[in-house]
Amino acid sequence: MRLSFLKQMAKALSVQFGKDCEIVIHDLTRKSLGRSIVYVENGHVTDRKPGDGPSQIVLETLKKDPSKIQDRLGYLTRTANGKTLKSSTVFVRDDAGEKVQYIFSINHDITKLLYLQDSIHALVSGETQEGPSGRQQAEPGKIHTNVADILDDLIAQSVALVGKPASLMTKDEKVEAIQFLNNSGAFLITRSGDKVSQYFGISKYTLYSYIKSE
């Protein structure tokens, strides 16, 4: 019943805001995490479809204490082909208000609006603009279409966090990078342990010990 209502709301919002507004529903009650998306309206915005895997936000959600999960509203994201999206993520819980069962995501492509805003600002102020508006905000998070790309991005983020290539990291720095991956939900991805172990040049046993390190 709850899923049916979410689909109804997704359809209504997509009609209300038009073809540039994508609605994605993730079902976290499913056994297959790699196919968490069960419904999409205007999937051309991010090129996602039902049966695709979770986003980074979904993975992070599954690693958190449910009582500490809060909706994320009005933040910027970016697609692989450069679209800027204004996104909101709503976490839908069970009847007891505890476990998150669904994630209702809204991704509105505002790329054209940003360019229009820059053009108008340049016209009325005479200032030279360097690019789409939002340049003073934090770098938008990426939206991926498969979990392999998410894992690659998370590994890149872990390396950036430490500030040096994996081959030059000390043990403590590798522990820091791997704990970041763990907290980000990277190890919920199938066979991620193999790829991370190989990337950091450590054994699976060492990887598990790093994950458990305080």
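Any read-out appearing in this document is the output of simple, stated calculations on the displayed coordinates, not a laboratory observation. Bear in mind that the values here come from a model prediction, so they are computed numbers and not experimental data. Using ideal geometry, Cβ is built from the backbone for each residue, glycine included, and neighbour counts are taken over all protein chains shown.
In debye, nearest 20: dipole of the chain around its Cα centre with unit charges on the Cβ of K, R (+) and D, E (-)? In total the dipole reaches around 580 debye. Distance distribution note for the stretch 2-112: the fraction of Cα pairs above 19 angstrom is 42%. Using C-alpha pairs below 8 Å separated by at least 6 residues, the relative contact order for the chain is 18 percent.
The C-alpha atoms of the chain define a longest principal axis, and helix 111-125 lies at about 60 degrees to it. Each Cα pair under 8 Å and six or more residues apart adds its sequence gap; the mean of these over the residue count of the stretch 146-212 is a relative contact order of 35 percent. Given R0 = 35 Å, the distance between the Cβ atoms of residue 65 and residue 161 translates into a calculated FRET efficiency of 0.95. For residue 185, no residue has an amide H sitting under 5 Å from its own, ignoring neighbours fewer than 5 places away on the same chain, with H placed 1.01 Å from N.
Remark: the Cα gyration tensor places the chain in the oblate category, a/c being 1.5 or greater and a/b not exceeding b/c. With 27 Å as the limit, write out which pairs from 31/63; 7/31; 83/204; 31/68; 19/195 have Cα-Cα distances beyond it, or answer none. In this structure, 83/204; 19/195 lie more than 27 Å apart at Cα.
On a 0 to 90° scale, report how tilted helix 2-17 is relative to the longest principal axis of the chain, with both axes built from alpha carbons and the result rounded to the nearest 10. Compared with the principal axis, the helix lies near 50 degrees.
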